[in-house]
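Notes follow the structure.
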Amino acid sequence: SQTIHQWPATLVQPVGSPLSLECTVEGTSNPNLYWYRQAAGRGLQLLFYSVGIGQISSEVPQNLSASRPQDRQFILSSKKLLLSDSGFYLCAWSHLWGDGYTFGSGTRLTVV
Amino acid sequence: QKEVEQDPGPLSVPEGAIVSLNCTYSNSAFQYFMWYRQYSRKGPELLMYTYSSGNKEDGRFTAQVDKSSKYISLFIRDSQPSDSATYLCAMTRGSNYQLIWGAGTKLIIKP
């Protein structure tokens, strides 16, 4: 069966510090991968998606970036965090765009 | 105007009640409709997936799509405190198109 792992679960980082969140998928190959952000009490905002190794599409211009160095690995990064980067970050995968998505357990990031 | 509208709630009902959660949408090209459940501090999980109009039932959950009215619903029968969560609707034109999400409705089932 397919599983998705996302870590860390909680992170507190100072403004201006770097960020690296990692997500890995097991039990499937060539998945579509997604990074979402969810602000408190709000819906899901798609940040990045990837349909293959090295293929990254950005939905929202910001100081975040994403990389996919391996088929089942998706990394969200920032060189310098802003206060506005605080939120709940979710990784997800699907076989096709319009399929049901499977989400990771999320990372709650607080920038102080 | 947002493509998908969903009342954020919170919706508070007593245990055992029938719950009705709804989303409206503006894009008549949407064909696939989904409901996700999200517990606090967890990722969303897929509850129901329906194609086009009609009803789909799974245990205590029924998903209903009315394409003529651009309106989808999720009904929960015999609601339990464990159903307390945020419910998000999502929809898409097809497999090669992005999911468009509602903002989520927070549901509270009171024992």
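What follows is calculated from the coordinates using simple rules that are stated; it is not laboratory data. Owing to the predicted nature of the structure, the values given are computational and were not obtained by experimental measurement. Virtual Cβ from ideal backbone geometry, glycine too; neighbours counted across all protein chains shown.
Below 12 angstrom from the Cβ of residue B:43, what's the summed charge of the other residues (Lys, Arg +1; Asp, Glu -1)?
Details: positive: A:108, B:37, B:41, B:42; negative: B:45.
Around residue B:43, the surrounding residues sum to +3.
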Label-point separation in nm, residue A:77 to residue A:17, each point 7 Å along Cα→Cβ:
1.8
Karplus-derived 3J(HN,Hα), 6.51/-1.76/1.60, for each residue of the range A:99-111, Hz, glycine and proline x
6, x, 9, 10, 9, x, 7, x, 10, 8, 9, 10, 9
Quick calc: nm separation of the 7 Å Cα→Cβ label points for residue B:7 and residue A:5 -> 4.3
So, R0 is 22 Å and r is the distance between the beta-carbons of residue A:32 and residue B:39; what FRET efficiency does that work out to, to 0.05?
0.35
Under Karplus coefficients 6.51, -1.76 and 1.60, residue-wise ³J(HN,Hα) of the range A:45-50 in Hz, glycine/proline x
10, 6, 9, 9, 9, 9
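Expressed in nm to one decimal, what extension gain is obtained for the pair residue B:56 and residue B:20 from 0.36 nm per residue of sequence separation less their Cα-Cα distance?
Details: separation 36, 0.36 × 36 = 12.96 nm, distance 1.44 nm.
Here the answer is 11.5 nm.
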So what's the net charge close to residue B:91: Lys and Arg +1, Asp and Glu -1, counting the other residues with Cβ under 15 Å from its Cβ?
+1
Counting other chain Cβ atoms within 10 Å of each Cβ in B:94-107 and taking the mean gives 4
Give a residue-ordered list of calculated ³J(HN,Hα) values for the range B:70-77 (Karplus: 6.51 cos²θ - 1.76 cosθ + 1.60, θ = phi - 60°; whole Hz; x for Gly, Pro).
6, 8, 10, 9, 10, 9, 10, 8
Using a Förster distance of 30 angstrom, determine the FRET efficiency expected from the C-beta separation of residue A:108 and residue B:110, and round it to 0.05.
0.65
